[in-house]
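The values are calculated or read from the model by the stated rules, or taken from the named source; none is laboratory data. Every value quoted in this text rests on a predicted model; they were computed, and no experiment measured them. Note that each Cβ is placed from the backbone with ideal geometry, even for glycine, and that neighbours are counted across all protein chains shown.
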């Protein structure tokens, strides 16, 4: 049986066309405060130690560290849900801003079509929200790429998000599969894939140098999705 092919979304199927010059993001948590600073402020207010979250420079790491702390320190399910809902609000502000300047990567649809014709089953695992995934993946401006995936997992269906392997493990359960290849563009994609026992293919839209790429232990490195059929065939 051919392996299940899983995709990341941001940086893999869609990409920011031209990131704007940063001038701060305003929300009701505080004008022109960075999103990560807002998230840290919120969780510290709810009792998460500042020394735990201050060193973290990625939103996903703040998210995962917060949930782990809450679960390990006897917060109720309702309290955990309330805190995660609150830090999701600035997360959504950043996400929507990023997607306003995102476009479909040109080779996406031909690449997905080629894999579909070859009989590969495909799915998608993203740290983006369900709201964003459903909107973007069904939009004709993005080629309605969601039509190629029977199942998708977003952060709304996961307790922990990439680089934790939970989202990948969840989609493997939906497909009842264990052999898979994951295509992504970042270190978090690589770490989640490797932890879940898959083969990672790096779509190098971030232009990582060779030393950085080696840290991810990729099965292959590609520049466009149309390269995938040959890689998988080998």
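Residues that are outside the structural domain of residue 155 (by TED's automatic domain parsing) and closer than 18 Å to residue 166 by Cα do occur in the stretch 75-83, at least one of them. Among the residues of the stretch 3-53, those identified as at pLDDT 95 or above and in a loop (DSSP other than H, G, I, E, B) are 3, 8, 9, 11, 12, 13, 46, 47, 48, 49.
Can you name the residue in the stretch 103-116 that is surrounded by fewer than 20 Cβ atoms within 10 Å (Cβ to Cβ) and touching a helix residue (DSSP H, G or I) at 6+ places or on another chain (Cβ under 9 Å) and, of all such residues, is modelled with the lowest pLDDT? Before you say what the answer is, go through the steps one by one.
If we filter the stretch 103-116 for residues that are surrounded by fewer than 20 Cβ atoms within 10 Å (Cβ to Cβ), which is where we start, we get 103-104, 106-107, 109-110, 113-114, 116.
Retained after the next criterion (residues that are touching a helix residue (DSSP H, G or I) at 6+ places or on another chain (Cβ under 9 Å)): 103-104, 107, 109-110, 113-114, 116.
Values: 103: 96, 104: 97, 107: 93, 109: 97, 110: 96, 113: 97, 114: 96, 116: 97.
Of everything passing the filter in the stretch 103-116, 107 is modelled with the lowest pLDDT.
Can you spot a residue in the stretch 118-134 that is surrounded by 15 or more Cβ atoms within 10 Å (Cβ to Cβ) and free of Cβ contacts under 8 Å to residues at least 60 places away in the same chain? Yes; the residues of the stretch 118-134 include at least one that is surrounded by 15 or more Cβ atoms within 10 Å (Cβ to Cβ) and free of Cβ contacts under 8 Å to residues at least 60 places away in the same chain. For the stretch 114-144, the set of residues classified as under 27 Å from residue 67 (Cβ atoms) and part of a helix (DSSP H, G or I) consists of 130, 131, 132, 133, 134, 135, 136, 137, listed by residue number.
Based on what the data block shows, is residue 90 assigned by TED's automatic domain parsing to the domain that holds residue 40 and touching a residue at least 24 places away in the same chain (Cβ under 8 Å)? In short, yes.
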